[in-house]
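One structure is given here, and the rest of the page talks about it.
No value in this document is a laboratory result; all are computed from the given coordinates. Note that the coordinates shown come from a computational prediction; the quantities given were computed from them, not determined experimentally. Positions of Cβ are generated from backbone atoms using ideal geometry, with glycine treated the same way; all protein chains shown enter the neighbour counts.
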């Protein structure tokens, strides 16, 4: 019996899409699952599974697919010989090879396709920026603060709850954040405050943008149409049918004076309290379950919230309206223009701060100007990389740095490049902007790893090694045991170095599995004390107080910065480690950079169908020594960024 042609086509497509995964699942059951039961399930199963990896819960094809990052970790461990632990039974070479072969086939058969669309509420940062772009001013609170302190002035940030990082690790991943009554009330309060300001005498300039006049009470029908046409375009980030504008204006016709002003405020507030403003992408149209390119307004919105954490500007909306934004040359030019805009600063303030956990620098010093100097250094550096088309791997090592009078002594002779600083009269210590310098003498400071603030927020080899492993190499680590304890000080006549005492501390084989990965990276930075100072600098100043067991109490001759990576590579110091990260380990570094950037741009955790795109971009960046601008273009042109699938659920 023959099938109707349309059913045959659907069946053929279904088989073509699902067969590779069905085959991969069959091979998994035959080649991989028995080995997991033999070597892994003992420690990785149930509620107390080590590293929160539960192999016993992987029972369906979807489970296998969803665990794609776990399989990458499994393969890495098997290649490096770090799993199973050395004191456990080890798989034979042919067993390892079966896993490698299955994983290679599994990855090869993944198809690049977009994720199913899910509504996402504007994060607090995006909400603040968007309101400011709509109205032309920022909502701020009046704060009485001491001189040279830093206080949050944004009314939005102070009132709205802090967005917890989503599964992607970023705060713009708000898919799981509920719209509570508390948040709803705060939205209402903020909109009232914004509208009150807009129609105040002090904001006549901003009001004229909408009305062409400073008085709403005398507004003509044409002015009302102009107001709401522009306002709706900005608030909903797309053009709206004329009938919507006409309906709003018709409700104003029989009102005048204060009644008309109240009615205009009510209509504007209704727009800003609507889901179309609060959520992104709700106005996407198309068939349910259908894969399609996003429309140009959605594309403009995705691009602006990626590069600016803000709504599209008037130029971007105009390009979306006439659909020229979809033209490759126009789209590419717009990305470059957006990176040149002052708004691109949000990419460093938002993306890099969350990725690299730079907010932790706020806790390293009670001296506010000093803390601001330490925190602004890496942010200025990342902004430089992002907007001046610098190679991706300058993240690891660079000849460019940013310093101020508060950090200049840490850069030795290179600080002489600074313009002379003249302190204001009557101010003992003040916040001073950074200046860009070229590293010629303090070469150990090149790149993000050895910036004073990053070192100071990661005190000791464990924190530093963990930070490099997770933030730079993209490797996940399980939580340490609750009873891990502290490195004991020397007793009696002992004269052990910190590293020797630490070797005794980490002698537990189960701890060594992680420490074999962490410790070499962390101890490579032992030339820097807990405050981020370079111990071998001629002008090194020891801290006034040191804690017992502080590794900086070792003398310079006792410091051992050499290391041996699980891959077998060795190094003598941080400079040699940076070289390894930029050569033999460069693909791992690039992959992490690409994955972090894509996850932030897409506002979600990456899925299995993002893997081909990630692989392609990594290969491209590796072969061409790609720049950050190259990466932003590649992500903005990816299938996941430019396409979507509307959920089949109503």
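Here are the numbers:
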item: Efficiency of FRET from Cβ geometry, residue 150 and residue 80, R₀ 51 Å, rounded to 0.05; result: 0.70
item: Relative contact order of the chain, defined on C-alpha pairs under 8 angstrom at six or more residues apart (%); result: 17 percent
item: Relative contact order of the range 291-338, pairs being alpha-carbon contacts under 8 Å that are 6 or more residues apart, as %; result: 35 percent
item: Listed peptides 360-366, 90-96 by packing density, highest first (mean Cβ within 10 Å); result: 360-366, 90-96
item: Sorted by Cβ neighbour density within 10 Å, fewest at the top, the residues 418, 451; result: 418, 451
item: Mean Cβ neighbour count within 10 Å, used as a protection proxy, ranking 309-315, 589-595 highest first; result: 589-595, 309-315
item: Ascending count of other beta-carbon atoms within 10 Å, so fewest first, for 647, 599; result: 647, 599
item: Theoretical gain in end-to-end length, residue 262 to residue 206 [0.36 nm per residue, Cα-Cα removed]; result: 18.3 nm
item: Contour excess over end-to-end distance, with Cα ends at residue 290 and residue 558 and 0.36 nm allotted per residue; result: 90.0 nm
item: At R0 = 35 Å, FRET efficiency that the Cβ-Cβ distance of residue 441 and residue 48 yields, to 0.05; result: 0.10
item: Whole-Å distance, taken between Cα centres, linking the range 565-607 and the range 382-421; result: 22 Å
item: Efficiency of FRET between residue 637 and residue 97 - r from beta-carbon atoms, R0 30 angstrom, step 0.05; result: 0.20
item: Percentage relative contact order, the range 120-280, counting C-alpha pairs under 8 Å, at least six apart; result: 22 percent
item: Gain upon complete extension [residue 88, residue 321; 0.36 nm per residue less C-alpha separation]; result: 77.6 nm
item: Ranking of 53, 216 by count of other Cβ atoms within 10 Å, fewest first; result: 53, 216
item: Per-peptide average of other Cβ atoms within 10 Å, ordering 102-108, 373-379 highest first; result: 373-379, 102-108
item: Structure-derived Cα Rg over 2.2 N^0.38 Å: which label, when the choices are (1) 1.33; (2) 1.09; (3) 1.16; result: (2)
